[in-house]
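Peer 1: Sharing a structure with you now.
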Amino acid sequence: MKKINILLIAFCVVFMASCADFLDVPPTSSVSSDISISTPDDAKVVLNGIMSIMTSSNYYGRNFIMYGDTKGGDLTIESQGRGLDGLYTFNHAPTSGSQSYFWTQIYYDVLQVNTLIKNIDRLISEGNSSDNLTTYKGQALTLRALMYFDLVRLYGKPYNMEKSSYGVPVVIEPVDASSQPTRESVEAVYTQIIKDLTEGASLIGRAKSNGFINYYGNMALQAKVNLYMENYSAALSAAETVINSGVYTLYSNDAWVNSWKSQFGSESIFELAMVVGESDLTTGSLGIYLRRAGHGSSSATGQFIASDSFIARLAEDPDDVRHGVMTVDTYNYGNGPRDGGSCYKYCGGVNLEGDGKGATSVNIKVIRLSEVYLIAAEAALGTNNSGKAADYLNQIRKRSPNLAPATAANVTVDLILNERSKELFAEGHRFFDMMRLNKTIEFNDELIMPQVVLTHRTKTINRTFFKTILPIPSEEIDANPAIKDQQNPGY
């Protein structure tokens, strides 16, 4: 596995050379065939490299976030054939439209994390331990948990649907190309996720550290994972640990819109940095994909637009502050452009302010305090504490100042789900929320028919539809015959 180490460190050195201020590590001038991680600074460089590759277009940089809202019904497409429209049409098969980049990219990232952890463990066993080195191991474990959480949601059934069904292979050691790991159950994958998070939390500091995941980022992820498992008491406890820490604060209504043009704000628990000239996606960025056609760039095609149902949901209160990151789209069919159809979270606002680096390279806010409050609300309701659920929900619901506050008498999962849609729009959550809560998704197909012919799904689907889970790519099965008989049902 030394070759992998060399390639990763070489990548990190190139990344570091132009981003030294962010990395806060002195650059290395050369890479030899004998290089390995030998100091905490080396580990930090590699950790930064891992977070950089997580911003690939095939992961948090774009496609994973687009997956959640496009397949969840909050986004629709303006036409077909412009990229990623297969997410909306569910055009998935093992040999074509498999979205195999998710499997390839995330497992590549897991390999890098495993290699880093192995090197850190080696240093510790050699008596070279330090507080920083221990912290980096805790962060690496937390990142690995996040990666497996994403993988099992893409390729496995919801935990509360059939946890004994196939999840994904769990690999926690560096492996070579001849290795043939088989798929673990969904439950076993979640068990490993919780194990990594628990160990990681014990190693990470609590101070906010921009660009890195700290103890509270770990706890926020614990809250989310436990919510998916319906371990409501554990989810609530973890969420309240974050909320009560005082390290993070919710944006006021006046500050909410402008928060999208800043980095590492008061709500941001974990951000992945998009760096100009390094990890930014320029004309392939989320900002370009979601803004209206032609705005600021000819590459902006206006392909992905808010569905009518989302626009109506946000329109429940004309003074909802979240209208501030939505503006008119350029819909070409039917009744023409619709106000509120284009999202500008990833442009820093409707004037393309960006977040200080440019309008197409804004950081990806992976975990925000708003989400933690909504997790706390749902988890509290799951523990039959409806009063606490309403209180947590109202902290986010107040962004719609004309809506009556929720009460212990009327708070429901649907009310919380409705608020999650409005607050977390275009952040990659909706589809996974609908699946874990066993909801029916209704797509806004009227906007695109007859321009787009839908042959791979019906207008409404639920989690019994086999294509709500991605197929294992045929090339992966060819490379790993051990999982030949472990393909997802229906494919």
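Peer 1: Fully extended, how many nm does the chain gain between residue 383 and residue 455 (0.36 nm per residue separation, minus their Cα-Cα distance)?
Peer 2: 21.7 nm
Peer 1: Might you report the magnitude of the Cβ-based charge dipole of region 51-193 about its Cα centre, with Lys and Arg at +1 and Asp and Glu at -1, to the nearest 20 debye?
Peer 2: I would put it at about 100 debye.
Peer 1: Moving on to the next point. Magnitude of the Cβ-charge dipole of the chain, K/R +1 and D/E -1, about the Cα centre, nearest 20 debye?
Peer 2: My answer is approximately 360 debye.
Peer 1: Where q = 0.20 Å⁻¹, what log10 of I(q)/I(0) comes from the Debye formula for region 329-464, counting one point per Cα?
Peer 2: Result of the Debye calculation: -1.22.
Peer 1: Where the Cα atoms of region 157-304 are projected onto their three principal axes, how long is each span, largest first, in whole Å?
Peer 2: For region 157-304, the Cα spread along each principal axis is 48, 43, 31 Å.
Peer 1: Treat each spin label as a single point 7 Å out from the Cα along the C-beta direction, and report the residue 478 to residue 253 distance in nm.
Peer 2: 5.8
Peer 1: Which ³J(HN,Hα) values in Hz, rounded to whole numbers, follow from the phi angles of region 313-325 under the Karplus curve 6.51 cos²θ - 1.76 cosθ + 1.60, where θ = phi - 60° and Gly and Pro get x?
Peer 2: With the stated coefficients, region 313-325 comes to 4, 5, 6, 4, 9, x, 9, 4, 5, 6, 4, x, 9 Hz.
Peer 1: If you don't mind, another one. Using θ = phi - 60° and the Karplus relation 6.51 cos²θ - 1.76 cosθ + 1.60, list the HN-Hα couplings for region 171-177 in order, rounded to whole Hz, with x at every Gly or Pro.
Peer 2: Calculated HN-Hα couplings, in order: 10, 10, 10, x, 10, 9, 5 Hz.
Peer 1: Then there is this: Based on the Kirkwood radius over alpha-carbon pairs, what value in µm²/s does the Stokes-Einstein equation return for the translational diffusion coefficient of region 282-362 at 37 °C and 0.692 mPa s?
Peer 2: After rounding, the answer is 259 µm²/s.
Peer 1: Starting from the Kirkwood Rh over alpha-carbon pairs, what translational D in µm² s⁻¹ does region 200-249 have by Stokes-Einstein at 37 °C and 0.692 mPa s?
Peer 2: 299
Peer 1: Next question, about the same structure. Amide H to amide H under 5 Å from residue 358: which residues, 5+ apart in sequence or cross-chain, H placed 1.01 Å off N in plane?
Peer 2: Sorted by chain and number, the residues that satisfy this come to none at all.
Peer 1: Right, next: Charges at C-beta only: +1 for Lys and Arg, -1 for Asp and Glu. How large is the resulting dipole of region 282-362 about its Cα centre, in Debye rounded to 20?
Peer 2: Roughly 340 debye, rounded to the nearest 20.
Peer 1: My understanding is that a pair violates if its Cα-Cα distance is over 24 Å; which of 163/195; 224/365; 365/467; 163/439; 422/459 do that in this structure?
Peer 2: 365/467
Peer 1: At q = 0.17, 0.22, 0.26 Å⁻¹, what is the log10 ratio I(q)/I(0) for region 131-195, with the Debye formula run over Cα points and no solvent?
Peer 2: Computed log10 I(q)/I(0) values: -0.63, -0.90, -1.08.
Peer 1: Students often check this: by mean Cβ neighbours within 10 Å, which of 372-383, 239-250, 448-459, 72-83 ranks highest, and how do the rest follow?
Peer 2: Order by mean packing, descending: 372-383, 72-83, 239-250, 448-459.
Peer 1: Moving on. In what sequence, highest mean first, do 396-405, 422-431, 477-486 appear when ranked by Cβ atoms within 10 angstrom?
Peer 2: 422-431, 396-405, 477-486
Peer 1: Near the amide H of residue 270, under 5 Å away, which other amide H atoms are found, from residues 5 or more places off or on another chain, if H is placed in the peptide plane?
Peer 2: Counting only residues 5 or more places away or on other chains, the set is 366, 367.
Peer 1: Tell me, what HN-Hα J-couplings in whole Hz come from the Karplus equation 6.51 cos²θ - 1.76 cosθ + 1.60 at θ = phi - 60° for each residue of region 278-286, using x for Gly and Pro?
Peer 2: 10, 9, 6, 9, 6, 6, x, 7, 4
Peer 1: On to the next question. Order of 461-473, 316-328 by packing, highest average Cβ count within 10 Å first?
Peer 2: 461-473, 316-328
All of the numbers you see were taken from the coordinates with simple rules; none came from a lab. Just so it is clear, the model here is predicted, and its values are computed rather than measured. When we count neighbours, we look across all protein chains shown, and the Cβ atoms used for this are built from the backbone with ideal geometry, even at glycine.
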